[in-house]
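Enquirer: Below you will find the structure I want to go over with you.
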Amino acid sequence: MMIKFRKEEEFFTFYDGKGTMIERKTEVRFDPLTGESSRLVFDPGLAPTPPDYTEAAEQTGGAKCPFCPENILDMTPIFPKEIAKEGRIMQGDAILFPNLFPYSKHNGVVVFSGQHYVRLEDFTIQMIKDAYLAAQTYIKKVQNIDPKARFASINWNYLPFSGGSILHPHLHVIVSESPTNYQALTNEKTKEFELEKGEGYFKALYETEKEIGERWIGEKGNIAWVHAFAPKSHNDFIGIFRNAYSLHDISKQDWLDFAQGLKGIFATLSEQGFASFNLMLDVPTNPESKQPIHIRLIPRINIGMLDTSDISFFQALHQEPLSVKIPEAVAAKARTNFNY
């Protein structure tokens with residue numbers, strides 16, 4: 001087995017008010033690529049209720065939303081002609097335009113469609129495919145005119161719990177001269193793995209997880225899905241574009257297969273009461289390397305009557321993810337939904 005999975009167990013022993021002993025286990029897992037740790041902690045019975053934004057959609061949609069059909073062409077900015085001759089990139093119902101408040105040197109926003117509020121189960125394969133095709137087109141155009149902008153990603157904050165400030169579903173496409181911390185560390189560690197092992201990390205992860213089966217979910221075409229061994233949240237789904245080492249390698253069929261798999265992931269989130277998520281698609285900087293394009297997707301929730309954030313000092317300052325869900329159990333749920 002090329003990938004090694006390491007974990008440690010810690011036990012906290014104490015007593016309730018009647019003197020009965022209680023023992024709680026914390027499992028510390030280490031990411032097989034980076035060595036970073038995350039913790040599986042005691043599940044107090046977390047059962048989130050998916051929020052319903054129907055009323056909020058009525059209050060924020062239509063004339064009040066810059067992404068709705070009556071406003072989008074008047075209220076959103078346009079690109080220079082070398083990026084888009086008509087000012088924006090159109091793909092089916094998806095529309096891509098510049099972000100007024102950019103996170104990097106190049107930052108496009110992709111609006112999926114004219115529908116202001118889309119529940120997880122209502123995303124169609126066509127909607128997902130068109131949005132990601134538009135993002136792919138934008139990144140390729142940017143990198144053709146700005147070769148210094150080597151670090152690209154396609155990102156999705158879905159619903160307010162995820163940090164999404166507009167209900168209308170949209171993607172952020174980032175192309176920068178500087179990597180994010182995740183991109184820098186992943187690039188460094190995958191290079192080390194490739195030099196040591198002679199093959200790409202994500203290929204080895206795919207083969208190992210498929211053989212073991214514990215965290216394996218399934219594959220559609222060239223896109224395989226597994227659950228992370230050391231998760232970054234209560235779920236942590238990894239999608240691997242097995243034969244895509246640059247965006248030029250991804251076909252329309254690949255996006256259809258990706259969208260179909262993603263629908264199965266959405267069904268798994270819904271089954272657990274999760275509605276909101278963060279998603280990142282990371283594009284490797286060197287197409288000649290053995291690092292394929294990959295996805296990370298984690299759910300986001302608010303907890304309890306106070307709507308407490310799921311990000312505490314542990315994640316925000318210690319940079320240590322916590323999960324009350326067991327990866328192998330989540331993967332088992334996802335496998336049943338994968339033919340969604």
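Enquirer: Hey, among the residues in the stretch 294-340 that are open to solvent by less than 60 Å² (accessible area, probe 1.4 Å) and of a type in the set (D, E), which one's modelled with the lowest pLDDT?
Expert: Ranking the qualifying residues of the stretch 294-340, first place goes to D310.
Results for (1) in a strand (DSSP E or B); (2) in contact with a helix residue (DSSP H, G or I) (Cβ under 7 Å, 6 or more places away or on another chain), shown as yes or no for each residue.
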position	(1), (2)
T137	no, no
K148	no, no
S165	no, no
H172	yes, no
V175	yes, yes
S178	no, no
Y182	no, no
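Enquirer: Determine, yes or no, whether K191 is assigned to a helix (DSSP H, G or I) and without any contact (Cβ under 8 Å) to a residue 24 or more places away in the chain.
Expert: On the way: assigned to a helix (DSSP H, G or I): yes; without any contact (Cβ under 8 Å) to a residue 24 or more places away in the chain: no.
Against the criterion (assigned to a helix (DSSP H, G or I) and without any contact (Cβ under 8 Å) to a residue 24 or more places away in the chain), K191 does not qualify.
Enquirer: Out of curiosity, is A244 touching a strand residue (DSSP E or B) at 6+ places or on another chain (Cβ under 9 Å), open to solvent by less than 40 Å² (accessible area, probe 1.4 Å) and of a type outside the set (V, I, T)? Walk me through how you get there before you give the answer.
Expert: Details: touching a strand residue (DSSP E or B) at 6+ places or on another chain (Cβ under 9 Å): yes; open to solvent by less than 40 Å² (accessible area, probe 1.4 Å): yes; of a type outside the set (V, I, T): yes.
Criteria met by A244.
Enquirer: Moving on to the next point. Only residues that are surrounded by 10 or more Cβ atoms within 10 Å (Cβ to Cβ), of a type outside the set (S, T, Y) and part of a strand (DSSP E or B): list them for the stretch 23-41, please. Spell out how you get there, then give the answer.
Expert: Let us first name the residues in the stretch 23-41 that are surrounded by 10 or more Cβ atoms within 10 Å (Cβ to Cβ), namely 24-41.
Of the ones still in play, those that are also of a type outside the set (S, T, Y) are 24-25, 27-33, 35-36, 39-41.
Of everything in the stretch 23-41, those that are surrounded by 10 or more Cβ atoms within 10 Å (Cβ to Cβ), of a type outside the set (S, T, Y) and part of a strand (DSSP E or B) turn out to be R24, K25, E27, V28, R29, F30, R39, L40.
Enquirer: Continuing with the same structure: Report, ordered by the first and then the second residue, all pairs with beta carbons closer than 8 Å, sequence separation of six or more or different chains, a first member in the stretch 151-180 that is in contact (Cβ under 8 Å) with a residue 12 or more places away in the chain and open to solvent by less than 10 Å² (accessible area, probe 1.4 Å), and a second member that is among the acidic types (D, E) and outside any strand (DSSP E or B).
Expert: Pairs that qualify, where the first residue is in contact (Cβ under 8 Å) with a residue 12 or more places away in the chain and open to solvent by less than 10 Å² (accessible area, probe 1.4 Å) and the partner is among the acidic types (D, E) and outside any strand (DSSP E or B), are V175/D146.
Enquirer: Next question, about the same structure. Quick one: in the stretch 181-220, of everything that is more than 19 Å from the chain's Cα centre (by Cα) and among the aliphatic types (A, V, I, L, M), which residue is most open to solvent (accessible area, probe 1.4 Å)?
Expert: Only one residue fits best here, namely L195.
The values are calculated or read from the model by the stated rules, or taken from the named source; none is laboratory data. What you are looking at is a predicted structure, and each value in this text was computed from that prediction instead of being measured. Heads up, the Cβs are rebuilt from the backbone with ideal geometry, glycines too, and the neighbour counts pull from every protein chain shown. SASA here: full protein model, heavy atoms, side chains in, ligands and nucleic acids out. Shrake-Rupley method; radii C 1.70, N 1.55, O 1.52, S 1.80 Å.
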